[in-house]
Every structure is written in structure tokens, then in C-alpha cells.
Amino acid sequence: MLAQTTSMCAMMTAVRHLSFDGFSGPQLVFFRGIMGLLVLLPWLLHTIRYEPKILSPPQWKLVMWRSLISVVGILCWFLALTGMSVSDVTAVQFTHPLFVVMGAALLLRENVGAWRWSAVLIGFIGALVIIRPGYMPFNPLILGILVSAMSNASVQLITKHVALNISGAVLIFYMNLALVPVALILAIPNWIWPQWDQFGWILAVGALGTLGHIFLARGMKLADASLLGPVDFMRLPIAAAMGWILFGEYSDMETWIGAAIIFIAVLVITRREAMRKAS
């Protein structure tokens, strides 16, 4: 999980760096998708020889929905990174496990007890501490991060249903495949041709993003659920360090306090879920 956390933070840093060069959010998402497909190409060519039907998953409708929802989430995520610091985006993104609990209760009819509902409420109080409505000028990009968090939650709930029957690499392949045409259409009006010295950063966006998803799938299989929350919180100090070193960006104390409140809420949710599964 630490490898996944570091990969995602490094990818976000690469996106932020390229945004300073004038690349739009959709164009960066296009780079993410096309480079991700190139990273997966060796796996695809090798696997399809022995499993020719691997790209015809049994629950293909859910796979398509997962891919389209991922497109929305990644577009909003990258758009936010073009106008907000890496650490601020990361802090607000911590709300996504709260949306997972809400989705599990409202859509999947899972039994969510008082402890987890209380944790959700506390988590959103933490989000309000970060956003501070009425005290700071509202940044509409925060809505993009919240939409991204809701999309991530939806993707996680769908993955929970299909993971036993479909390889994680197949899910990542279709996600990248969906990213490319949608992002390209949105990127064309503001397209900028990259320079040779920018290709390393562009490759990093696709490669690190894809590796991050692979590490995440691996970590969820091997690690105990109670460990994932604390390790995932390492994203904030890692992202803050990268943003400060490379761009001179830093988050204020309220953002750190809000993120800590969300982290405590997520930790409660994670531990209650682990206890529920153990009982």
C-alpha cells in the first residue's frame, strides 16, 4: 500500500507540474489514458495468447459502468490539480471512504450501524473545516474533488462486486481505454503539443497512475483492512512534501486539522468494518 500511495502522489505531482506548462485537465487525462495503455500493452499481448477471452468479462456491463464513472472521477481530479495544491486536493479526497459507506447503505442496502454513521458525520465536519464555507472565497474546484471522491466510492463499490470474477488488470485496461476518446474530445479545443523535455513527465503520469492502481489491487488482497486506512493517510504528508519541494506550495493549519478529523473518521469506519467481518 505504501508503494501505491507513493506512486499516486508522484503522479499527482507530475500532473501539477505539467499544468504549469499550460496543459489542460482533459489533455493530461488523455496522457494518463494513452500512457497507461502502453504500460499494459506487454501484459495484454502476453495474456491474450493464453486467455483469448480475458477481455470479454462476464459482468461486462458493470465493467463499462465502472470505466465511465472512472472517467468522470479522473477528469474532475485532474482538473482540480491544475488549480489547487497537491496537498489540498489530497486532503479533500480523503472523504471518499465516507461516500463508500453512504453508497453501501443507500444503494446496496448494507447494514451500517450507528458507529459508522457517526464517523461519516464527523468526517464531513472535517471536510467543512478544510473548505470553510463563509470564511474563505469558495473555490469551485473543490466541487470537482468531491465529485471525484464520489466517483471513486462508486468505482470501489462496483469493484467489490466484480473483483472475484475479473482480473484487476482487465478493469484497469478498460478504464484507460475509456479515458482516451473522452479526454481527447474535451482536450482538442485547448490542445498544446508537448515538447521533448516534457515527455518524461507525461510518461510518469500514465505509468505511475497505472502502477498505483495495480499496487492498490494487490494491497487490498494481501493487507488487513485495518492497516489500509493508516497507510493511506500517508498520502497527505508525502503529497505535502512533494508540493513544497517542487512548487513551494503548502497547506494551512486548518487543512491539516480537517484532514486529521477525516482520518479519524475513516479509521473508525475501517476498524468497525474489520470487526463486522471478523464476527
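Taken together, the values in this text are just the output of simple stated rules run on the coordinates, not laboratory data. As the structure is a computational prediction, the values presented were derived from the model and not from experiment. Counting neighbours? That spans all protein chains shown, and the Cβs are built from the backbone with ideal geometry, glycine included.
What to note about this one:
- Kirkwood Rh and Cα Rg combined as Rg/Rh, region 50-139: 1.10
- Top positive-direction residue, dipole computed over the chain with Cβ charges, set MET8, LEU106, THR270: LEU106
- Per residue convex hull volume, Cα atoms of region 1-159, in Å³: 145 Å³
- Most mobile of LEU177, LEU37, LEU128 in a GNM of the chain (Cα contacts under 10 Å): LEU128
- Helix runs (DSSP H) in the chain reaching 30 Å along axis by Cα, Kyte-Doolittle at least 1.6: 60-81
- Residue of LEU18, LEU106, LEU141 that the Gaussian network model of the chain assigns the largest fluctuation, springs spanning Cα pairs under 10 Å: LEU106
- In terms of the mean number of neighbouring beta-carbon atoms within 10 Å, the peptides 209-215, 11-17, 121-127 order highest first as 11-17, 209-215, 121-127.
- Cβ-Cβ FRET estimate between TRP193 and LEU45, R0 fixed at 25 Å, reported to 0.05: 0.30
- Simple label model, 7 Å out from Cα along Cβ direction - GLU110 to ARG132, nm: 3.4 nm
- Gained length - LEU143 relative to ILE264, 0.36 nm times residue gap less alpha-carbon distance: 41.3 nm
- Charge dipole (Cα centre; +1 on Lys/Arg Cβ, -1 on Asp/Glu Cβ; no other charges) of the chain amounts to roughly 960 debye.
- Normalised contact order of the chain, rounded percent, pairs of Cα under 8 Å and 6 or more residues apart: 43 percent
- Candidates GLY73, GLY168, GLY200, ranked by Gaussian network fluctuation over the chain, Cα under 10 Å, top entry: GLY200
- Listed from fewest to most Cβ neighbours within 10 Å, the set TRP43, TRP201, TRP77 follows the order TRP43, TRP201, TRP77.
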